[in-house]
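What follows draws every value from the coordinates through simple rules; no lab data is involved. Computed from a prediction, not measured in an experiment: that's the story for all the values here. Heads up, the Cβs are rebuilt from the backbone with ideal geometry, glycines too, and the neighbour counts pull from every protein chain shown.
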2 protein chains.
Amino acid sequence: MITAQIPKGFRDFLPEKMAVRQKIISQMIAVFESFGFDPLDTPCLEYAETLEGKYGEEGEKLIYRFEDRGGRMVALRYDLTIPLSRVIAMHPTITKPFKRYQIAPVWRADKPQKGRFREFYQCDIDIVGCDSAYADAELIIITFEVLHTLGFQSFNMRINNRKVLNAFAKKSGIADEAIALFLRALDKLDKIGPDGVMQEMRTNSIVPGKEQEKKILQMLHAETTLDDIAEYVRGVLEGDEGISEMHSILSSLAAHGVPAENYQFDLSLARGLDYYTGPIFETVVREPSIGSITGGGRYDNLIGLYTKQPVAATGTSFGLERLVTVLEETGKENRQYTKTQVLITVFDSTLMNNNLIIAKNLRQAGIHTEVYFSQHKLKKQLTYASNRSIPIVLILGPDELQEKKITLRNMQKGLQETIPHDDLIKAVKKHLA
Amino acid sequence: MITAQIPKGFRDFLPEKMAVRQKIISQMIAVFESFGFDPLDTPCLEYAETLEGKYGEEGEKLIYRFEDRGGRMVALRYDLTIPLSRVIAMHPTITKPFKRYQIAPVWRADKPQKGRFREFYQCDIDIVGCDSAYADAELIIITFEVLHTLGFQSFNMRINNRKVLNAFAKKSGIADEAIALFLRALDKLDKIGPDGVMQEMRTNSIVPGKEQEKKILQMLHAETTLDDIAEYVRGVLEGDEGISEMHSILSSLAAHGVPAENYQFDLSLARGLDYYTGPIFETVVREPSIGSITGGGRYDNLIGLYTKQPVAATGTSFGLERLVTVLEETGKENRQYTKTQVLITVFDSTLMNNNLIIAKNLRQAGIHTEVYFSQHKLKKQLTYASNRSIPIVLILGPDELQEKKITLRNMQKGLQETIPHDDLIKAVKKHLA
């Protein structure tokens, strides 16, 4: 006998779990499609070289890599952005802007721990071939619409811009080569606080003098407004561009009616990945406090790694696993996970054909109907319906058959009534309503 | 620059392709759920030992295997039946009968060739924990309903029973140990004909004498009826059981109203896999002639490989790739793959917020609406709409805005009209109808 085991960090989703996941996914897709996004699917395996060098030192270690039969290194998909970039590079004539969504598993050889898995779903939307900040704004609007649709209220969409951060660094006398270190330090603000960030900047000696240090610390401590930083970076071309993009984004959100408490300019948002080039954004759920559930930004240079012609692109990603966790914990208990509405019990096999015909008629009326096949005692059949929370059970014996009647049991109310055969569909619909 | 390449035998599905696939999948799911099947999802990776020894000599070679970080051999999912068996073994108390569907990719390191891929989708339904032949019959009924829903008419569901075949072999003097060879030879009937099959049986010397050879040849040549074989195997317990199961199945199909031309008892159907124990079935599409598109059967001993308690099970699998190919070739050209219904063009950025509000109102009325963001010439924006077959384009300039009007262009009819702002939703719905 082989021991039945699932690999560590991997999960099965039984029907109860699937019901929640599918509900969230279908609500997301409805929003995505209402904004004109179409689906894309890419393989689970990519050539390793397509993925390598994109995810930073830490990410690199987590790629699942192996040699295929032909001796080439392949890798399991690590995210959905790199495969999209490869697709765009391979299809240079695709109609642009290309707006796609993809909801699919990705794999990371991480240490399994609570809430962290080696296989998990990402839900990504991206707009490729449009350099307007309104495209970035749309991603944030969609983020709001999705979270709102899923019932979230207390969340904060933090928005910043790499151009503004670059100009901030330049104005503070930080050398171009040191900007990556500056961003990496800034990215830790939540964890180590302003003084910790400054300490790290000092350790790496990236800030030239006391005066600049003071300015940076001030910006880190205060809730720096867009006007504050606009004034500070004025005259640095990149900074002015970034500020103008921020204005387009903020004005879009206001026009769309996104409540002011759900978004804010946040100069301290840096985002980890190196490839961002413009607006960046991230959503933090305050209640329950589960941290970041979406993140994204503009990456105008990434696709250029695979093709001579650079292509502007921006995208954002929803962490399905965290969304599911929250909705499972805060949502109503989803006892009725099955979509089955009616179970037809079996008296004995001579009545089976009769049951099949009733089932067919119910299904044709749009009612999800299951037939019990094994000749178990009625009690066992009722337990089955109860375990699966099937709301209605139909019971047919030889007497009922002769009288052209049927017994309908409403499992939730514990009621039972006898119904003429011809009124069955109407009665079932009444009980389901 | 890295060359953008997709691994051989793997595919991207761009939105045009996704539209067809999603439509087929959602039609299938609707049928599955109407019969009370719930979704299950399992990981793409399993421990290699879970998969090994299940798929025969040829299959074994096609498993994608590699060592994970912890030094354990893992493998990409090869089918959906073995993962289901592992899940059942790991959850012994799951409510039974457990009726699940799973639609997911599987991987086989096969030689890529026309119509054969290394990553492809399977759509499986299985009933676990029910030993009644009515469960097998339901799978065949669902197969009929799915193909019927998808628009297939000329197809043949072949049905046989391993118990009957075993009894046939026994009555023909074939030793128990040689039955696997007998089935393997029989499985080639379509390819090598009755005489080829007999030749193979002779080579393996599994038939004891001339008389038995004659009987087998007769059965292979003729359209052996259920009554013929029932008489031949009478008295062999297993054979009588199998015949009785066949009667239950055929009577279920008739009761459900499956047309007689769409199914038949076929003694020559053997199915490749070793693990079948009872009814087996397969669907062949006659027009267009694409061969087998579904296949399955009862496997009452498979789950027992992973758990002490054996669990009865039966299942069938739809080959999504072949279904898609046929429906793409025979179906209407699916030009309008996008679900976007309206594109709002942009005159200049001062009108963007106005466009966003119109878009929001349209979406709230259930209309899928896209906003164009880049300030391209109108002609380019119209080309975009035309490339994506978006049926309606809205055009707003400063004059229209002042007059609270909007220009609606019906792209299919090439018509244009000017509409008061307040009548927009009504007008759009009229044009979409």
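Taking a label point 7 Å out from Cα toward Cβ, give me the nm distances from residue B:414 to the same spot in the other copies, shortest first, one decimal.
Reported distances to equivalent positions: 7.1 nm.
What are the distances, in nm and sorted shortest first, from the label point of residue B:49 to the label points of the same position in each other copy, with each label point placed 7 Å from Cα along the Cα-to-Cβ direction?
For residue B:49, the other copies' label points sit at 3.8 nm, shortest first.
Mind checking which of A:256, A:428, A:323 is farthest towards the positive end of chain A's charge dipole, using Cβ charges of +1 (Lys, Arg) and -1 (Asp, Glu) about the Cα centre?
Checked the options; the winner is A:428.
Using r as the Cβ-Cβ distance of residue A:148 and residue B:421, and R0 as 22 Å, what FRET efficiency do you calculate, to the nearest 0.05? Display every interim value, and only then the final one.
Numbers: r = 26 Å, r/R0 = 1.17.
Computed FRET efficiency for residue A:148 and residue B:421 comes out at 0.30.
List the residues, sorted by chain then number, that are 5 or more residues from residue A:101 or on another chain and whose placed amide H is less than 5 Å from its amide H.
Hits under the 5 Å cutoff: A:38, A:40.
Under 5 Å between amide H atoms, partner at least 5 residues away or on a different chain: which partners does residue B:122 have, H built in plane at 1.01 Å?
For residue B:122, the qualifying residues are B:104, B:106.
So for region A:342-432, taking the charge dipole from beta-carbon charges (+1 Lys/Arg, -1 Asp/Glu), which of A:386, A:359, A:374 sits furthest toward the positive end?
Toward the positive end, the furthest listed residue is A:386.
Once you charge only the Cβ atoms, +1 for Lys and Arg and -1 for Asp and Glu, what is the size of the charge dipole of the protein assembly as shown about its Cα centre, to the nearest 20 debye? Before the final figure, lay out the partial values.
Numbers: 108 positive and 112 negative charges, 65 e Å.
The dipole magnitude comes to about 320 debye.
Below 15 angstrom from the Cβ of residue B:91, what's the summed charge of the other residues (Lys, Arg +1; Asp, Glu -1)?
+3
Residue by residue, what Karplus-based ³J(HN,Hα) values in Hz, rounded to whole numbers, does region A:362-375 have, using 6.51, -1.76 and 1.60 with θ = phi - 60° and x for Gly and Pro?
5, 4, 5, 8, x, 9, 6, 10, 10, 10, 7, 9, 7, 7
For chain A, set up a GNM with springs between Cα atoms under 10 Å and report which of A:162, A:322, A:116 has the largest fluctuation.
A:116
Using the Cα centre as the reference, give the magnitude of the dipole from point charges on the C-beta atoms of region B:238-289 (Lys, Arg: +1; Asp, Glu: -1; all else neutral), rounded to the nearest 20 debye. Can you show the working numbers first?
Values: 2 positive and 9 negative charges, 43 e Å.
It comes to approximately 200 debye.
Report the extension gain between residue B:328 and residue B:222 in nm, rounded to one decimal, defined as 0.36 nm multiplied by the number of residues separating them, less their alpha carbon distance. Could the numbers behind the result be given before it?
Working: separation 106, 0.36 × 106 = 38.16 nm, distance 3.65 nm.
Net length gain for the segment: 34.5 nm.
Over chain B, with a Gaussian network built from C-alpha contacts below 10 Å, which listed residue (B:36, B:235, B:397) shows the highest mean-square fluctuation?
It is B:397.
Nothing charged except the Cβ atoms of Lys and Arg (+1) and of Asp and Glu (-1): what's the magnitude of the dipole of chain B about its Cα centre? Round to the nearest 20 debye. Could you put the intermediate results ahead of the total?
Values: 54 positive and 56 negative charges, 356 e Å.
Around 1700 debye, computed over chain B.
Can you give the calculated 222 nm mean residue ellipticity of chain B, where each DSSP H run of n ≥ 4 adds -39,500 (n - 2.57) and the sum is split over every residue, rounded to the nearest 500 deg cm²/dmol? Can you show the working numbers first?
Numbers: 16 runs with 179 residues, N = 433.
Mean residue ellipticity, 222 nm, calculated: -12500 deg cm²/dmol.
Within 10 Å, Cβ to Cβ, of residue B:171, how many net charges do the neighbouring residues add up to if Lys/Arg are +1 and Asp/Glu are -1? Walk me through the numbers before you get to the answer.
On the way: positive: B:170, B:215, B:234; negative: none.
Every neighbour counted, the sum reads +3.
Using a label position 7 Å from Cα in the Cα→Cβ direction, what is the ascending list of nm distances from residue A:211 to the same site in the other copies?
Values, ascending and in nm: 11.4.
Which residue, chosen from B:183, B:93, B:42, occupies the Cα position most advanced towards the positive end of the dipole of chain B, where the dipole is computed from +1 (Lys, Arg) and -1 (Asp, Glu) charges on Cβ about the Cα centre?
Toward the positive end, the furthest listed residue is B:42.
Using only the Cα atoms of the protein assembly as shown, build the gyration tensor, take square roots of its eigenvalues as a ≥ b ≥ c, and label the shape rounded, prolate or oblate: rounded if a/c is under 1.5, else prolate if a/b is larger than b/c, else oblate. Don't skip to the answer; put the middle values down first.
On the way: a/c = 2.12, a/b = 1.75, b/c = 1.21.
Cα axes put the protein assembly as shown in the prolate bin.
Given R₀ = 30 Å, what would the calculated FRET efficiency be for residue B:349 paired with residue A:27, taking r from the Cβ atoms and rounding to 0.05?
On the way: r = 32 Å, r/R0 = 1.05.
The pair residue B:349/residue A:27 has a calculated efficiency of 0.40.
Based on alpha-carbon centroids, what's the gap between region B:212-264 and region A:202-232 in Å, whole number please?
Computed from Cα coordinates, the inter-centre distance equals 85 Å.
Which of the three applies to region A:301-433, rounded, prolate or oblate, going by the alpha-carbon gyration tensor with a ≥ b ≥ c and a/c under 1.5 meaning rounded? Each step should come with its number before you reach the end.
Values: a/c = 3.33, a/b = 2.60, b/c = 1.28.
Prolate shape, in that a/c is at least 1.5 and a/b is the bigger ratio.
Counting only residues 5 or more places away or on other chains, whose amide H sits under 5 Å from the amide H of residue A:406 once H atoms are built in the peptide plane?
A:419, A:421
Shape verdict for region A:1-68, please, from the Cα gyration tensor: rounded (a/c under 1.5), prolate (a/b greater than b/c) or oblate. Walk me through the numbers on the way to the answer.
Values: a/c = 2.42, a/b = 1.15, b/c = 2.11.
Judged from the Cα gyration tensor, region A:1-68 comes out oblate (a/c at least 1.5, b/c at or above a/b).
Using θ = phi - 60° and the Karplus relation 6.51 cos²θ - 1.76 cosθ + 1.60, list the HN-Hα couplings for region A:192-208 in order, rounded to whole Hz, with x at every Gly or Pro.
Each residue of region A:192-208 in turn: 10, x, x, 5, x, 4, 5, 4, 5, 5, 5, 4, 8, 6, 9, 9, x Hz.
Please give the Cα centre distance for region A:1-40 versus region A:149-177, rounded to the nearest Å.
31 Å
Apply the Karplus parameterisation 6.51 cos²θ - 1.76 cosθ + 1.60, with θ equal to phi minus 60°, to every residue of region B:315-327 and state each ³J(HN,Hα) to the nearest whole Hz, in sequence, with x for glycine and proline.
With coefficients 6.51, -1.76 and 1.60, one gets x, 9, 10, 9, x, 4, 4, 5, 4, 4, 4, 5, 5 Hz.
Measuring from centroid to centroid over Cα atoms, what is the spacing of region B:55-119 and region A:112-138 in Å?
28 Å
If you stretched the chain out fully between residue A:110 and residue A:231, how much longer would it get, using 0.36 nm times the residue separation minus the C-alpha to C-alpha distance? It would help to have the intermediate numbers written out before the result.
Values: separation 121, 0.36 × 121 = 43.56 nm, distance 4.32 nm.
Length gained, residue A:110 through residue A:231: 39.2 nm.
Report the residue of chain A with the smallest Cβ-to-axis distance, using the rotation axis that brings A onto B, in whole Å.
Rotation axis A onto B, closest Cβ, rounded to whole Å: A:66, 2.
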